[in-house]
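Single-structure report; data block below.
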Amino acid sequence: MILGLSGGADSIALFHVLYELRSILGINISVAHFDHRLRPESSDQASQLAKYIEQFDVNFYLGSADVAGAALQAKASIEDTARKYRYDFLAACARKENALVCVAHNQQDQAETFLLNLARGTGLDGLCGMLPIDRVPGNPDVELVRPFLGIAHEDIRNYCRLNSLPVIEDPSNLSLDFTRNKIRHLVLPALKQANQEVVKHIALTTSILQQEKRLLDSRALDFLAQHSIIRHNFISVELVAVMNSPRSLIIRALKMALSQAFGSDEGFGARHLEALYLLARSKSGNSIDLPGGIRAIKAPQALIVWAGILPMDAIYSLPLMEDDGTLSPNWDWEVTPSAALVQPHALPGNNLHEHVVCDINKIRLRPARRSDKFIPLGMKFEKTVDEFLLDRKVPYFIREHVPVIEQDGEIIWLVGWRIDDRHKILYNYEPYVCIRFYRKGN
């Protein structure tokens, strides 16, 4: 395992325990320290740690970065940036040795995390705090363990004193410039005035919530297996199942689906999941944007979430045109003149097979334009194609891919929807043309 060593009491104690028990546990230990360069003395302290580790038969990895500069450039907090750089470094070390990462978070860290998440606003995951066994944040391929999560910070400090372990005190832990330190030095002491056991009680609460989370996760996975399609950068969830399931189950299922489809659910907060849930229950055709260039739309029968190029047939089952003006490769069409003269009522047609009065030699297929106008069958007045499709909840990014059949610039048929009223068969035994669209292979 790769042990993250800051030099503080927690990580020094954890290293000592694991090193003493390495034969019994059957483990190999390597140590990794990351210098955030946030203090002038941090480089010297990294050297002290390296010298201390030399007396043990373990590998030592040292990483560093200008975290303050990186935070400024990314317009992020120093705390979040430091966490990202530190975990990325530990994960990189773990990959070198095909190892897991071990960190020394303790019971007080768990209480602080719980309160931080509560203050920011969170869902079940945030209230569960840190897990004893997890994945390295931002690095889902690397396992992370926290052996000290149930141990009190005071007990760890006593262990260091009893074993005369060298502890490096980080003065930045006293600074109230950092949010976590405000929780540690202001909020928790105030709560302890109400109940001295507050840290232990918060840890118990997170443990209970973790058990309930496991049950909900199991049900959410069953839901996704039955009612969703999840591929790389693509999610489709059946709307009927969404409407008939509890909100908490759907929120959990959406969170898990995002993680599966996009590699991680980081960046998706409670408000994003709520927005997805509300979208699923809104009008068809509505859409929202999510972090990371991810988009979502409510299609007629499914909630669709995707990044990159959307496979449009996932939300539109009728023929579509490609960007180059050709028909989608999985569709074809044919035009034949009437084989016999019949009465109009004998040719009802359907949305993919119509009978129209036109000149077979002049018709052509092209994508719809927003300005196209026609008189939909059964109506008396012109309507733009864009308005007609909007009324039927066809998403805006699909409307200009819907095919039309035209003759001399006049719309004859908005394919899949309506023919123009002026091109219907009016008279008995009037000549007509059959136009049919079909999926290849059918």
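What follows is calculated from the coordinates using simple rules that are stated; it is not laboratory data. Keep in mind it's a predicted model, so treat the numbers as computed, not measured. Virtual Cβ from ideal backbone geometry, glycine too; neighbours counted across all protein chains shown.
General remarks:
- Descending semi-axes in whole angstrom, ellipsoid equivalent of region 72-198, from the Cα gyration tensor: 24, 20, 16
- The coefficient of translational diffusion for the chain, derived via Stokes-Einstein from the alpha carbon Kirkwood radius under 37 °C and 0.692 mPa s, stands at 122 µm²/s.
- Loop GluC sites (Glu not before Pro), region 13-72 (other Cβ atoms within 10 Å of the site Cβ: 15 or fewer; DSSP): GLU41, GLU54
- Computed 3J(HN,Hα) for region 396-413, one whole-Hz value per residue from the Karplus formula 6.51 cos²θ - 1.76 cosθ + 1.60 where θ = phi - 60°, is 4, 7, 9, 4, 7, 9, 6, x, 10, 9, 10, 9, 6, x, 10, 5, 9, 8, glycine and proline marked x.
- Total lysine pairs in region 164-265 at Cα distances under 28 Å, for residues eight or more apart or on different chains: 6.
- Overall Cα dimensions of region 214-312, principal axis frame, Å, largest first: 34, 27, 23
- Here's how it looks for TYR432: its modeled amide H is under 5 Å from those of SER338, which are all 5 or more places away or on a different chain.
- Phi-derived couplings, Karplus 6.51 cos²θ - 1.76 cosθ + 1.60 at θ = phi - 60°, listed residue by residue for region 24-33: 5, 7, x, 10, 10, 10, 10, 10, 9, 10 Hz, with x used for Gly and Pro.
- Taking Lys and Arg as +1 and Asp and Glu as -1, the other residues whose beta-carbon sits under 11 Å from that of ASN106 total -3.
- In this structure the amide hydrogen of LEU377, modeled in the peptide plane, comes within under 5 Å of the amide hydrogens of ILE419, ASP421, none closer than 5 places in sequence on its chain.
- Lysines whose Cα lies under 24 Å from that of LYS383, excluding same-chain neighbours fewer than 8 positions away: LYS283, LYS362, LYS373, LYS393, LYS424
- Computed log₁₀ I(q)/I(0) - Debye formula, equal Cα scatterers, no solvent, region 202-257, q 0.22 Å⁻¹: -0.81
- Under conditions of 37 °C and 0.692 mPa s, region 331-439 yields 231 µm² s⁻¹ as its translational diffusion coefficient, taking Rh as the Kirkwood radius over Cα pairs in the Stokes-Einstein equation.
- Inter-probe distance in nm under a simple model that places probes 7 Å from Cα toward Cβ, at GLN211 and GLN301: 4.2 nm
- Phi-based couplings in Hz for region 140-155 (Karplus 6.51, -1.76, 1.60; Gly and Pro marked x): x, 7, 10, 7, 10, 10, 10, x, 8, 4, x, 9, 6, 4, 4, 5
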